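Before any comments, here is the structure.
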Amino acid sequence: MTATSPVVVTDATGRRPYCPADLAVVLNPANYADGTVPDLAGPLVAGEIVLDEVVPARAPWSAVVRAGQVLTIVDVGGNQSADCLLYSAEDTGERYSVPDTISRSGNAYVRTGTVLRSNYTNALATVVANEIDRQDTIGGACGKESNTLRYGHHTMAEHGCRENFLAEAAKYGMGARDIVSNLNWFMNVPIEADGTLGIVDGISGPGKRVAFRAEMDILVLVSNCPQMNNPCNDFNPTPLRMIITAAQERSHA
Amino acid sequence: MATVSARHETDTVGAARADARAQAGRVTEAMPYLPASSTPFPPPGVEAGLLVWAETVAAGGYTHKVLARGSRIRLEDMTGEACAHVLLYNALEPWERLNVADTVKIPWQAYLGTGHPLLSGEGRVLATIVADDSGRNDALCGTSTAAANRARYGDSAPQGPSPSGRELFILAAAKHGLTPRDLPPSISFFKGVRVRADGGLEFTGSAGPGRAVELVAELPLIVLIANVAHPIDPRPGYVSGLLRVHAWRSAPTGPGDRYWDAALEAHRAYLNTTGYADARGL
């Protein structure tokens with residue numbers, strides 16, 4: 001690349017999100033596959049911004065989202081899986097449950113309107129806006145050990161989402177038994193008629209977003225997926241932007 | 001009107017002891033059989049002396065057992081109305097447990113059937129499905145919860161008429177020192193679910209009475225089983241039926257066995273599993 005081309009570190013409104021690393025480096029297209037043009041987009045819903053952070057490629061992230069607040073996740077580089085777990089902030093024994101979510105919704109995919117339920121069937125969050133056809137909650141998380149099954153023992157040294165989850169969960173006193181089946185924002189896992197399923201090319205793109213509203217105070221753990229052996233990241237791990245917006249007055253008409 | 005107490009003489013310790021002891025030898029439709037070799041319902045072709053577990057689980061009941069690596073487990077749906085919700089843990093390190101996402105993703109198959117490895121999150125096989133003439137199994141919907149059963153049937157308690165799977169799992173887990181945090185998504189046998197093209201779930205019900213599923217324990221296992229109505233069974237009433245469980249000493253999957261190298265992913269999972277077992281001296 002030409003050394004002089006500036007890296008854009010603000011969104012269209014001129015807003016510059018916080019990033020734990022140098023944002024100019026994190027957003028520099030030269031660090032990603034050819035043709036990557038990061039798009040920071042912005043919140044998918046109206047409301048005062050209470051938190052705005054960029055998660056570097058391959059890193060974990062967490063935050064508490066208060067009841068009524070909305071978390072927008074921006075797929076900054078396109079087709080970047082954001083593996084995600086939710087817990088009741090008050091009692092992390094209550095956590096996201098794939099089977100409760102899909103048994104209640106009657107559908108294996110997650111879309112706008114899907115209520116993300118806990119292992120007690122309570123509503124943890126509701127998807128309020130979504131810019132891709134469907135989101136995955138069947139495919140689970142990658143990990144060092146499971147990579148050896150999927151791709152071979154030569155991948156054992158690679159980083160995985162399970163490692164990100166364990167590292168981030170440890171900050172809250174949680175461990176391996178607290179890591180359960182998860183959501184994968186921006187990952188595409190079709191289930192065919194005979195039950196065949198798998199991760200295929202993504203249906204997202206730079207700047208695409210999903211937003212969900214917390215129905216109780218929730219702890220959100222995210223692994224910005226580091227996988228390099230399947231198309232869940234387009235073989236090109238890129239950053240995510242996480243924006244929490246304040247609760248809006250709900251209509252009671 | 002005669003009460004139950006009227007049939008018992010229990011006014012002294014001696015009388016109470018005699019009354020309790022007089023119950024010996026009674027038989028009910030749901031009970032364990034001990035020693036296991038004494039089962040009135042021996043699985044076909046299994047030498048009685050090899051049996052380590054023989055039990056009939058009540059409709060709406062639960063059971064649990066610690067089993068050695070190489071045990072073979074047979075679950076039989078006596079009436080066509082059982083639904084065996086199952087959780088598996090490595091008995092030596094129980095934070096290693098069934099991981100449903102890996103179990104469907106790694107073999108590239110959402111529907112459980114013969115040959116399917118039941119995987120932990122540690123890249124190992126906890127158990128292999130080695131026989132299944134039901135084909136009506138489910139890895140998507142998990143089990144029922146208190147909230148769901150109260151809404152559906154008006155009650156969810158273990159002592160009530162429509163126990164939820166999660167509440168029974170809490171009890172079964174507690175008997176092995178495990179807590180509600182240790183209950184990940186579970187799988188179930190004898191009630192089927194299929195996914196339509198739009199992602200919609202379709203309940204395919206039972207394959208009928210007398211169907212059986214057999215698993216081989218690839219590690220020392222804590223096995224928890226809740227026999228409760230499937231969470232998306234659309235019938236208005238709570239329907240459950242007797243579940244028969246047997247286990248016997250057999251061998252884990254190894255070189256030369258049918259499933260050892262039938263699929264690349266599972267083969268590497270068996271390599272990881274036997275590597276773990278060898279290192280631990282199992």
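The values are calculated or read from the model by the stated rules, or taken from the named source; none is laboratory data. Since the structure is predicted, the reported quantities are computational estimates derived from the model, not experimental observations. All Cβ positions, even for glycine, are placed from backbone atoms using ideal geometry, and neighbour counts span all protein chains on display.
Residues in segment B:243-282 that are more than 14 Å from chain A (Cβ to nearest Cβ) and of a type in the set (S, T, N, Q): how many?
The qualifying residues number 2.
Given B:Glu76, B:Glu55, which one is assigned to a strand (DSSP E or B) and farther than 30 Å from B:Val195 by Cα?
Residue meeting the stated conditions: B:Glu55.
Considering segment B:225-242 alone, what residues qualify as being away from chain A (no Cβ under 14 Å) and among the hydrophobic types (A, V, I, L, M, F, W, C)?
B:Ile225, B:Val239, B:Leu242
Which of the numbered conditions does B:Val193 fail, given that it passes all the others? Conditions: (1) part of a strand (DSSP E or B); (2) within 11 Å of chain A (Cβ to nearest Cβ); (3) surrounded by fewer than 23 Cβ atoms within 10 Å (Cβ to Cβ).
(3)
Can you tell me how many residues within segment B:98-127 are assigned to a helix (DSSP H, G or I) and either in contact with a Cys (Cβ under 8 Å, 6 or more places away or on another chain) or more than 7 Å from every other protein chain (Cβ to nearest Cβ) (or both)?
So the count comes out to 1.
From the set of residues in segment A:21-65 that are over 23 Å from A:Cys161 (Cα atoms) and β-branched (Val, Ile, Thr), which is modelled with the lowest pLDDT?
A:Val37
Could you tell me which residue of segment B:171-218 is nearest to the chain's Cα centre (by Cα), considering only residues that are hydroxyl-bearing (Ser, Thr, Tyr) and farther than 20 Å from A:Asn119 by Cα?
Top of the filtered list is B:Ser206.
Of the residues in segment B:196-218, how many are within 14 Å of chain A (Cβ to nearest Cβ) and in contact (Cβ under 8 Å) with a residue 24 or more places away in the chain?
Of the residues in segment B:196-218, 4 are within 14 Å of chain A (Cβ to nearest Cβ) and in contact (Cβ under 8 Å) with a residue 24 or more places away in the chain.
Could we say that A:Asn229 is over 26 Å from A:Thr10 (Cβ atoms), within 14 Å of chain B (Cβ to nearest Cβ), part of a strand (DSSP E or B) and touching a residue at least 60 places away in the same chain (Cβ under 8 Å) here?
In short, no.
Looking at segment A:85-204, what helices (runs of 4 or more DSSP H) fall wholly within it and have at least 1 residues that are among the small types (Gly, Ala, Ser) and more than 11 Å from chain B (Cβ to nearest Cβ)?
Result: A:161-170.
Select from segment B:3-48 the residues that are in a helix (DSSP H, G or I) and hydrophobic (A, V, I, L, M, F, W, C) and list them in ascending order.
Selection gives B:Val4, B:Ala6, B:Val13, B:Ala15, B:Ala16, B:Ala18, B:Ala20, B:Ala36, B:Ala48.
So, of the residues in segment B:79-90 that are in a strand (DSSP E or B) and not hydrophobic (A, V, I, L, M, F, W, C), which turns out to be farthest from B:Glu55 (Cα to Cα)?
Only one residue tops the list, namely B:Asn90.
Tell me yes or no: at least one residue of segment A:165-174 is in contact with a Lys or Arg (Cβ under 8 Å, 6 or more places away or on another chain), among the charged types (D, E, K, R) and in contact (Cβ under 8 Å) with a residue 24 or more places away in the chain.
No, segment A:165-174 contains no residue that is in contact with a Lys or Arg (Cβ under 8 Å, 6 or more places away or on another chain), among the charged types (D, E, K, R) and in contact (Cβ under 8 Å) with a residue 24 or more places away in the chain.
Does B:Phe169 meet the test of being surrounded by 22 or more Cβ atoms within 10 Å (Cβ to Cβ) and more than 14 Å from every other protein chain (Cβ to nearest Cβ)?
Answer is no for this residue.
Touching a strand residue (DSSP E or B) at 6+ places or on another chain (Cβ under 9 Å), under 25 Å from B:Gly200 (Cα atoms), in contact (Cβ under 8 Å) with a residue 40 or more places away in the chain and not small (Gly, Ala, Ser): is that true of A:Leu86 in this structure?
Here the answer is yes, as A:Leu86 does meet what is asked.
What do you reckon, is B:Pro234 touching a residue at least 60 places away in the same chain (Cβ under 8 Å) and either over 16 Å from B:Val86 (Cα atoms) or surrounded by fewer than 21 Cβ atoms within 10 Å (Cβ to Cβ) (or both)?
no
Taking B:Glu93 as meeting all but one of (1) charged (D, E, K, R); (2) in a loop (DSSP other than H, G, I, E, B); (3) within 8 Å of chain A (Cβ to nearest Cβ), write down the number of the exception.
In the conditions (1) charged (D, E, K, R); (2) in a loop (DSSP other than H, G, I, E, B); (3) within 8 Å of chain A (Cβ to nearest Cβ), B:Glu93 misses (3) alone.
Can you confirm whether segment B:149-160 contains a residue that is more than 9 Å from chain A (Cβ to nearest Cβ), farther than 27 Å from B:Met31 by Cβ and buried (at least 23 other Cβ atoms within 10 Å of the Cβ)?
No - not one qualifying residue is present in segment B:149-160.
Hey, could you check segment A:43-64 for residues that are assigned to a loop (DSSP other than H, G, I, E, B) and aliphatic (A, V, I, L, M) and say which is nearest to A:Val76 (Cα to Cα)?
The extreme case among them is A:Ala57.
Pick from A:Ala129, A:Ala108: which is surrounded by fewer than 18 Cβ atoms within 10 Å (Cβ to Cβ) and in contact with a strand residue (DSSP E or B) (Cβ under 6 Å, 6 or more places away or on another chain)?
Testing whether each residue is surrounded by fewer than 18 Cβ atoms within 10 Å (Cβ to Cβ) and in contact with a strand residue (DSSP E or B) (Cβ under 6 Å, 6 or more places away or on another chain) leaves just A:Ala129.
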